Amino acid sequence: MKKTTVLKQIMAGTLTIISIGVLAGCGNGNATNDTSSSSSSSTTAKTSSSTKAYNSANKLIAAGKYQEALDKLQAAPQTSKIKGLIANLKTLIQAKEDYSNKNYDNAQSGVDTLNDNADSSSSELKQEVSSLATKVQKAQDTQSTNTSSSVANNSSSSSTSSAATTTDTDSNSVVASFARAVGYYGKSGYTFNITGQSGSTYTIEVRQNNQAGDVANLIGIYQYNLSTGAVNKTF
């Protein structure tokens, strides 16, 4: 009788322990599900906020309100999509500023960078880049035309101080050839004066106008051989 009673007590204790374990397991499962649900809700909210900021920023970009768009993007959750658009928008803002300041080479560099990173841009930003690229190209073409005209005029006016054997036509050809050789051709603000000649070698003085256009600073004096294309800076 004693053995039977003890056995029943042991079995009852075992059942109690199993019941407690099952209840504890159920409790843990509910906690895990609650945590998972909370995490999922947080991710969904973040994605929704990021998407709204991205779309709103693109509307501002299309309207030309770049700084407002940048502020909105920087305040949004920083997803890879948002970060990519921020980087490209900053490049666009700088390129537009360079264009406004007539730094067309820098503006073109910015446009090239944006075209290389087109995959991380929105359609609205791409449209702005395309518009800027057209403006920069026209400005560069105009600048190049004006420079060519300036080179011709400067070389013509300097021909009277050149060697007697150098004609106006020769001066134009020499200056244009020299400008190409040293990389000045197509750039504005430079003047070239032929101050001497010995055979096919010309002495050419190069100056650059300041921003006000009232002072021409000396850049250097060169010896240029028209036959060989050799350039030697003497001062």
Review point. With every protein chain left in place, what is the accessible area per residue of region 49-144 in square angstrom, probe 1.4 Å?
Key: 55
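Of 59/126; 52/90; 96/187, which ones are farther than 18 Å apart at the Cα? Could the numbers behind the result be given before it?
Details: 59/126 13 Å; 52/90 20 Å; 96/187 20 Å.
Those over the limit are 52/90; 96/187.
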Review point. Share of region 93-145's accessible area from carbon and sulfur, percent, 1.4 Å?
Key: 38
Review point. Carbon-plus-sulfur fraction of the accessible area of region 172-235, 1.4 Å probe, in percent?
Key: 44
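The values are calculated or read from the model by the stated rules, or taken from the named source; none is laboratory data. Since the model is a prediction, treat every value here as computed from it, not as a measurement. Keep in mind that these areas ignore ligands, DNA and RNA; they rest on the heavy atoms of the full protein, side chains included. Shrake-Rupley method; radii C 1.70, N 1.55, O 1.52, S 1.80 Å.
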